[in-house]
Amino acid sequence: MEILKKHNITNVKNVYRNLSPAVLIEHALITEPCRLMSSGALLVETGKYTGRSPKDRFIVDEAGVSSIAWGKENVKISEKSFDIVYKKITEYLSGKERIYVFDGFAGADERYSLPIRVINEYASQNLFMNNMLIRPTKEQLESFSEQFTVICAPGLKLDPKECGTNSEAAIIISFNHKLVLIAGSKYAGEMKKSVFSVMNYILPLKGVLGMHCSANMALDGSGDTALFFGLSGTGKTTLSADPGRGLIGDDEHGWSNDGIFNIEGGCYAKCINLSKEGEPEIYAAIKHGSLVENVVINDETREPDYTDKTLTENTRVSYPIDFIPNKVVPGVGKHPRTIVFLSADAFGVLPPVAKLSKEQAMYYFVSGYTSKVAGTERGIVDPVCTFSTCFGSPFLPLSSEVYASMLGKKIEEFGTDVYLINTGWTGGQYGVGSRMSLKATRAIVTAAVSGKLASVEYEKEPFFGLSIPKTCEGVDSKILNPRNVWADKSEYDKTANKLASLFEENFAKYKDMPAEIINAGPKAKK
């Protein structure tokens, strides 16, 4: 009860702290409209919020946070509105039959770890954070002292006029109060990404780069590490879950002067079109202890249909990293030898893989190009061309230059090889061409992280100035140059020129960027 009194949440009949996943599942089945899948995983539906809601995300405009890069990603909300929403949430949770609390950590490197308390209305969402944060030991729990708190009340619908929000839902971060408030949305990913945003504010102040990337390492004892950058839907989770390498983490990492570390304790993978053959590690992780969102199942057998996108294409599963057989625990690794930028190119003109110079690496990191795929955000049905600075601008409270500068220095200092890999379309743009083969992409990734691509012969393509390998082990050489697989070569040229123009148009806002980085980008033919 003392935990809740700090936030003026009173008269709660039962407060449950750090229950085991098994007990949380029992509670959820009794108190929520959820079901068990045939595999034993807990299945929930999140209602109309089946993805993040960027227009409902705010940061409080308060004294001491002047370093925030205000704009369309980091939207201001007043302290008055924050106070109103805070009061609404605490009043809503007061008097409840039960409240769930989970105390855990963000950051596998104890020197940069952040103790976080999560207060949930629902047992299923508490299970989600039990999976996604790093679980404390018994001794750590006894002496636990939170430095940030997430309060999540999905059942509370806000009045936008009264609360100063854009809708009935709101995700609000206050760095002064060290609080994240979530109301109106049952999509659990809002909690995860809010914690990531908090870490991306705190870590750079300690000289650590926060990164929206997955990471794995060789199992041969070398500690050879690889990072995979990319927005949701580009393949970070899928491609880093490699049975031949140890998984450090699938989405969020820090890069300190000593190496990299996982910010999370679990994984949050997409389930759409999931198969045992294509993604065996993720498929096997959907079992008792996992939380699955919005997957359609057979009412009689409880067997899932991972191809069914009736509820959303953004079907998801969260599970502790322990469910991956070749996980790295604790989630720390050496400085990366290889970095991969993943882009799902809906234009179908980027090559399957290109090796980047340091200047090109900075250009494409700052550009953060991909196509947002259906379901990752509300309202997206078809892929949409987008540029997201540093492959994660919605989660970066500080100026993009802060993160870009830190990455550039580390690439140079540690001699890291950087590759751009297209996991999007080939042979034509979206609607004409086909999605890049996962088998081919896996072979390309294997060649890149093993160092084999560093020594093959390359050729320059004319629109983006990218170095394309002429050969890659396990891949048909014909597809390596994207122009070769377009039936209409003149249409390829026109489409590639169009995308190059979009790159130039987007990068025009980075006028203070060094000339060598600006000049490393594509040059459209006028």
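Below is a table of values for the structure above.
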quantity	calculated
Using distinct alpha-carbon pairs, which all enter the 1/r mean, Kirkwood radius of the chain in Å	23.6 Å
Lys, Arg +1 and Asp, Glu -1 on Cβ, resulting dipole of the chain about Cα centre, debye, nearest 20	580 debye
Carbon plus sulfur fraction of accessible area for the chain, probe 1.4 Å, in percent	50 percent
Crossing angle, helix 79-93 versus the chain [Cα axis fit, 0-90 degrees, rounded to tens]	60 degrees
Those lysines that a straight Cα-Cα span of less than 21 Å connects to LYS87, excepting residues fewer than 8 apart in one chain	LYS5, LYS6, LYS13, LYS76, LYS96, LYS157, LYS161, LYS178, LYS186
Label-reachable residues, region 445-472, where backbone N falls under 16 Å from a point 7 Å from ARG483's Cα toward its Cβ	458-470
Cleavage-rule hits, trypsin sites (Lys or Arg not before Pro), region 2-42, DSSP coil, Cβ neighbours within 10 Å at most 13	LYS6, LYS13
Cα-based helix-to-principal-axis angle, 489-507 vs the chain, degrees rounded to 10	50 degrees
Structure-based [θ]222 nm, the chain - -39500 (n - 2.57) summed over DSSP H runs of at least 4, per residue, nearest 500	-7500 deg cm²/dmol
Solvent-accessible area per residue, Å², over the chain with all protein chains present [probe radius 1.4 Å]	38 Å²
Length added when fully stretched, LYS452-VAL23, from 0.36 nm per residue minus Cα-Cα	149.7 nm
Modelled FRET efficiency - R0 30 Å, LYS523 with GLU303, Cβ distances, 0.05 increments	0.05
Dipole-positive endmost among GLY40, ALA63, ILE468 within the chain (Cβ charges, Cα centre)	ALA63
With eigenvalues of the C-alpha gyration tensor scaled by 5 and rooted, region 268-394, Å	30, 22, 13
When the convex hull of its Cα atoms is projected in every direction, mean area for region 404-489 (nm²)	6.8 nm²
Listed peptides 99-107, 504-512 by packing density, highest first (mean Cβ within 10 Å)	99-107, 504-512
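The values are calculated or read from the model by the stated rules, or taken from the named source; none is laboratory data. All values reported here derive from a predicted model rather than from experimental measurement. All Cβ positions, glycine included, derive from the backbone under ideal geometry; neighbour counts span all protein chains shown. For the accessible areas, the whole protein counts, side chains as well, though only heavy atoms, and no ligand, DNA or RNA atoms are used. Shrake-Rupley method; radii C 1.70, N 1.55, O 1.52, S 1.80 Å.
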